[in-house]
Amino acid sequence: MPPKVAEPVIQKKDLMCLDILKSLEANGFRAIDRYLDDRILRTLTSGFKLLDAATLKSTQDDLGVRGKRGVTFARRNLLSIEFVRQFIASEPVISLIDTISPGVMAVRAILFDKTGDANWTVPWHQDRSIAVATRIDVAGFGPWSKKAGVVHVQPPVSVLEGMVTLRFSLDACGPDNGPLRTIAATHRSILTATEVVTTVRDHPESICTTKAGGVVIMRPLILHASSPAKVTGHRRVLHVEFGPPTLPGELRWAMA
Ligand SMILES: O=C(O)CCC(=O)C(=O)O
């Protein structure tokens, strides 16, 4: 009898990884309904509550914080915050990023919140700019801008192609919470303003709902938008962008 050769065992986890990679490649995004456990969610939500309380007490202007009626709806520059850094270095985040894009590192983190009382709309767009330490002119980079005191620049598509964003839902995000909407397979090139209009007109959109603890994985160039929330209650999303460790020329990430 020939010796028995062990059958390769394909674990459920491996199939899930394959499925994520296939969706990202084909569509440019993938929503996972539930990913983080309750303990991690509690650590994140209590960390942000403490930050909000500290901001309310502070008399100093924090350029990274934008709010409406007592609700902070965008909190930028989060890579300098210790509990956010610990979360990004935690096992669930590392294993997800290692599956998708080994070797990248966190280069920007923002918390977005939206409620029925402090609402906002995001028009259809692609994420085309990155946060850098200082302006250094390098061929293919530009135009330049400043957001929350940080220099931003539009890099060439080759840099954006090496990036991936994880958007962790800290609250359940249903169809009425102003979820992210995307148009599949728009992540490979930069679209002109006219192409954005015709793409939105001619292609169906996907609505990326998740439970609390879910994650939406997206390539920066995926065409995306979001509508105002129709219900009260928070829709907090921790948006973390990952990119290659180095940038061309002397350019450096703002925070990494
Ligand atoms: O959180 C959202 O609804 C969208 C935010 C967004 O589109 C962005 O940061 O580019």
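Every number in this text was worked out from the coordinates using simple rules, so none of it is lab data. Note that the structure is predicted; figures quoted are calculated from it, not measured. With ideal geometry, Cβ positions are generated from the backbone for all residues, glycine too; neighbour counts draw on all protein chains shown.
Taking only DSSP H segments of four or more residues, each worth -39500 (n - 2.57), what value at 222 nm results for the chain once the sum is divided by all its residues, to the nearest 500 deg cm²/dmol?
On the way: 6 runs with 68 residues, N = 256.
So the helix-based figure for the chain works out to -8000 deg cm²/dmol.
In the stretch 156-204, if every C-alpha pair distance is counted and binned at 5 Å from zero, what percent goes to each bin?
4, 14, 20, 19, 20, 16, 7, 0
What is the mean projected area of the alpha carbon convex hull for the stretch 118-236, to one decimal in square nanometres? Working shown, then result.
Details: hull surface 33.4 nm².
The directionally averaged projection comes out at 8.3 nm².
Lys/Arg Cβ at +1, Asp/Glu Cβ at -1, dipole of the chain taken about the Cα centre: which of His152, Thr198, Thr115 is farthest positive-ward?
About the Cα centre, the residue reaching furthest to the positive side is Thr115.
In the structure shown, do any of Lys12/Lys114; Lys22/Lys114; Lys49/Lys114; Lys49/Lys211; Lys12/Lys211; Lys146/Lys230 have a Cα-Cα gap over 23 Å, and if so which?
Details: Lys12/Lys114 35 Å; Lys22/Lys114 31 Å; Lys49/Lys114 15 Å; Lys49/Lys211 20 Å; Lys12/Lys211 21 Å; Lys146/Lys230 31 Å.
Those over the limit are Lys12/Lys114; Lys22/Lys114; Lys146/Lys230.
In terms of Cα to Cα distance under 14 Å, which aspartates and glutamates are near enough to Lys13, apart from those fewer than 8 places away along the same chain?
Asp98
Scaled to the compact-protein estimate 2.2 N^0.38 Å, what is the alpha-carbon radius of gyration of the chain, rounded to two decimal places? Present the calculation step by step, with values, prior to reporting the outcome.
Details: Rg = 19.2 Å, N = 256, 2.2 N^0.38 = 18.1 Å.
After normalising by residue count via 2.2 N^0.38 Å, the value is 1.06.
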